[in-house]
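Colleague: The structure that follows is given in the form of structure tokens.
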Amino acid sequence: MNLPTAHFATLCKYAGISFIAGAVNHGFFSGERSLLTAGIGVLAYLLGGILEMRASPDGSQRWVDLLGLGIVSSIGLGFFTGGLQHFPDSPARSAWVVPLGFVMSLLAYWLMQGRDRAPLRTVLGYGLGAGAAVLAGSLIALQMLTGVDDHDHDHDHAHASSTQAATAASAVSAVSAAVRELRIEMDDDMRFSPSALTVVAGEPVKLVVVNRGKLPHELVIGTAAELAEHQREMQSGSAAHHHSDSAISVEARQSREVLRTFDKSGELGIACFQPGHYEAGMKGTLTVSPRS
Ligand SMILES: [Cu+2]
């Protein structure tokens, strides 16, 4: 294979893998756009494989293998790399996506390229050994990222920061100290607590939004249509640039206070649109009751 072809084939394969990895990062299991990205990634990977095969038609690769297993291989590699990149953001998903990616890519690689060269025993030994190591690593990382063993520490931390913030806020504004305070906690179990909030129309309320988890979370409040719009933004990856001010983003272990007044009575939804969170149940309601 000449150098330009070889390089272009390599570019295609790696671009394909990174497209799939990116799709995993940006909500592979929820976003239409991500599915499209993943599809393009598979095609790019196959193109790279075809170029390589045409350039060296020594019969070591078969078309059927390339097309069929190329898809498995590219998705496996995309899962593995994307899951690794995305681990801190959605550990619960990555913990199975990464090992699955490893197994898929190994299986495809062996069937495509090593079937004649490597005996089954070698593949099984390597697959079980390295696969177990990948699985163990994933589970350890999951435990570290979502561990529940230091919840006491979480409590102290969250309380300390919200108390400090409250002190600062009340020093700055006597008004904000007088308004009703509504505390909402967010955690890595993908829950708001409480998940059902009630405020009175026209009455200012101080939202104390506490992130007790190790992941970033956000509190978005709006009508069903507004939430759907926000979800689309997040899934298309554009939200970081024009995150609407209806979203209260809170980094891990931090808390934020926001003064809000809801003028219209009715039922609003609350949600976190960090990738996968809403789907995992990070949602609730905010009822704005009419002024009595
Ligand atoms: Cu969240």
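Colleague: Pull up all non-local amide H partners of E203: gap of 5 or more, or a different chain, and H-to-H distance under 5 Å with H placed in the peptide plane.
Modeller: When sequence neighbours closer than 5 places are left aside, the close amide H contacts are F262.
Colleague: Which of the peptides 257-264, 189-196, 103-110 is most tightly packed, and how do the rest follow, going by the mean number of other Cβ atoms within 10 Å of each residue?
Modeller: Result, highest mean Cβ count within 10 Å first: 103-110, 189-196, 257-264.
Colleague: Out of all DSSP beta bridges with both ends in the stretch 172-289, state the antiparallel percent to the nearest 5.
Modeller: 65 percent
Colleague: Another question, if that's okay. Would you mind classifying the stretch 172-289 by shape? Square roots of the alpha carbon gyration tensor eigenvalues, ordered a ≥ b ≥ c; an a/c under 1.5 is rounded, otherwise it is prolate if a/b is larger than b/c and oblate if not.
Modeller: prolate
Colleague: Please work out the FRET efficiency for the pair R260 and T287, using the Cβ-Cβ distance as r and a Förster radius of 25 Å; give the result to the nearest 0.05.
Modeller: It comes to 0.95.
Colleague: Kindly write out, for the stretch 202-210 in residue order, the coupling ³J(HN,Hα) from the Karplus curve 6.51 cos²θ - 1.76 cosθ + 1.60 (θ = phi - 60°), rounded to whole Hz, with x marking Gly and Pro.
Modeller: Each residue's phi maps through the Karplus curve to give x, 9, x, 9, 9, 7, 9, 9, 10 Hz.
Colleague: Oh, and also: Grab the beta carbon distance between L11 and E229, set R0 = 30 Å, and tell me the FRET efficiency rounded to 0.05.
Modeller: 0.25
Colleague: Quick one: accessible surface of E226, probe radius 1.4 Å, all protein chains present, in square angstrom to the nearest 10.
Modeller: For E226, the solvent-accessible surface is approximately 100 Å².
The values are calculated or read from the model by the stated rules, or taken from the named source; none is laboratory data. Computed from a prediction, not measured in an experiment: that's the story for all the values here. Heads up, the Cβs are rebuilt from the backbone with ideal geometry, glycines too, and the neighbour counts pull from every protein chain shown. Surface areas here come from the heavy atoms of the whole protein model, side chains and all, with no ligands, DNA or RNA. Shrake-Rupley method; radii C 1.70, N 1.55, O 1.52, S 1.80 Å.
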